[in-house]
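Any read-out appearing in this document is the output of simple, stated calculations on the displayed coordinates, not a laboratory observation. Just so it is clear, the structure is predicted and the values come from calculations on it, not from any experiment. With ideal geometry, Cβ positions are generated from the backbone for all residues, glycine too; neighbour counts draw on all protein chains shown.
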Amino acid sequence: MIEVKNIGKRFRKFWVLKNVSFKLQKGEVLGIVGKNGCGKSTLLKLVAGILKPSAGEIKLNSKLVSYIPEKPILIPEISLEDNIRYFANLRNITKKRILDEINYFGLENHLRKKPKELSKGLQQRLSMAIALLPDPEIVLMDEPTSGLDMESKKLIIERIDKLKEGNKVILYVTHEDEEIEKNCSKVLILEDGQTLFFGTVEDFWKKYERFVYIIIEGKSSPMLVKIEDLKKYDNVIHVRSVGIRELLSGGVDFETNGGKSYTKTN
């Protein structure tokens, strides 16, 4: 469905992306992870055709691609309803499809409002509804749940699951470890514009040691332990998993914990 071969993007003399490759089939969700400036958004724009690659090639088995940016691109002067109808008319979308999206995202009570009158969550719901009107085969999403209220986040995550069930291919930039673990079939980790890891979440944890933070009864400070060592500890009252982004970002305290010193597995 999507094949990216040694893709690269250069702005003047600086390579934002270099030698990135992956292949995705129908029904797969790719979580794209990395620090700010590592090329995540650039990669989405290359797949969307907004930018042209400086090297490599991208093969898509479908021309129907929808791109949902982090900041919704809406027409500020007109109402929510007119925004939807404007974009729907560009694609000759049926009234039923329009109503389906309006109802799914809970927008029916906001149709007369202009985008600036909507919360960030409602703006993102509107943006996603518009992007999905033509029933695209490939959906590109740049941090769609960042900073949203719980209701909007839940609706969007559930819609991602439905798209997956409908055999769509989704590329999904996210900073949420929980979403990576629960929603993504595969994960692409970028570092300085290059691939640090590509594969399933399970494959990631086979390469990198899995850790959890635990709190033991009577102690206030959390301890960092390998997940396979968890059974060695009695009276554990709280366990928190260390996610992929947390592990890679340096946010995990790998100093001596519980009398043991841990380091990252390379």
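Using a Gaussian network model of the chain in which every pair of alpha carbons under 10 angstrom is joined by a spring, one finds that among Asn19, Asn235, Asn103 the greatest mean-square fluctuation is at Asn235. Each of Val173, Pro53, Ile214 was placed along the dipole of the chain (beta-carbon charges, centred on the mean Cα), and the one lying farthest toward the positive end is Pro53. Using Cα atoms only, what is the angle between the long axis of helix 80-90 and the major principal axis of the chain, expressed in degrees (0 to 90) to the nearest 10? Between the helix axis and the principal axis of the chain, the angle is about 70 degrees. The coefficient of translational diffusion for segment 56-117, derived via Stokes-Einstein from the alpha carbon Kirkwood radius under 10 °C and 1.306 mPa s, stands at 118 µm²/s.
In degrees from 0 to 90, rounded to the nearest 10, what is the angle of the helix 150-165 Cα long axis to the longest principal axis of the chain? Taking Cα atoms only, the helix is inclined about 80 degrees.
Give the peptides 111-118, 40-47, 171-178 in descending order of average Cβ contacts within 10 Å, highest first.
Descending packing order for the listed peptides: 40-47, 171-178, 111-118.
Just so you know, the averaged projected area of the alpha carbon convex hull for segment 146-247 sits at 8.7 nm². Taking Cα centre as origin and charging only the Cβ of basic (Lys, Arg, +1) and acidic (Asp, Glu, -1) residues, the dipole magnitude of the chain rounds to 1000 debye.
Can you tell me the relative contact order of segment 2-204? Whole percent, Cα pairs under 8 Å, sequence separation 6 or more.
Over segment 2-204, the number comes to 32 percent.
If you take the alpha carbon radius of gyration of segment 1-149 and divide it by 2.2 N^0.38 Å, what ratio comes out, to two decimals?
On the way: Rg = 16.8 Å, N = 149, 2.2 N^0.38 = 14.7 Å.
For segment 1-149, the normalised Cα radius of gyration is 1.14.
Over the chain, what per residue volume does the convex hull of the Cα atoms give, in whole Å³? Could you put the intermediate results ahead of the total?
Details: hull volume 41.8 nm³, N = 266.
So the per-residue Cα hull volume is 157 Å³.
Of the residues Val236, Val65, Val225, the one that moves most in a GNM of the chain with alpha-carbon contacts below 10 Å is Val236. Running a GNM on the chain with Cα contacts under 10 Å, which residue among Phe211, Phe11, Phe197 ends up with the highest mean-square fluctuation? Of Phe211, Phe11, Phe197, the Gaussian network model singles out Phe11 as fluctuating most. Each of Glu108 and Ile227 was given a label point 7 Å from its Cα along the Cα-to-Cβ line. The distance between the two points is 4.2 nm.
Work out how much length Asn167 to Ile50 would gain on full extension: take 0.36 nm times their residue separation and subtract the Cα-Cα distance, in nm to one decimal. Don't skip to the answer; put the middle values down first.
Values: separation 117, 0.36 × 117 = 42.12 nm, distance 2.39 nm.
Working it through step by step, the gained length comes to 39.7 nm.
Computed over the alpha carbons of segment 167-210, Rg followed by Dmax gives 10.8, 32 Å.
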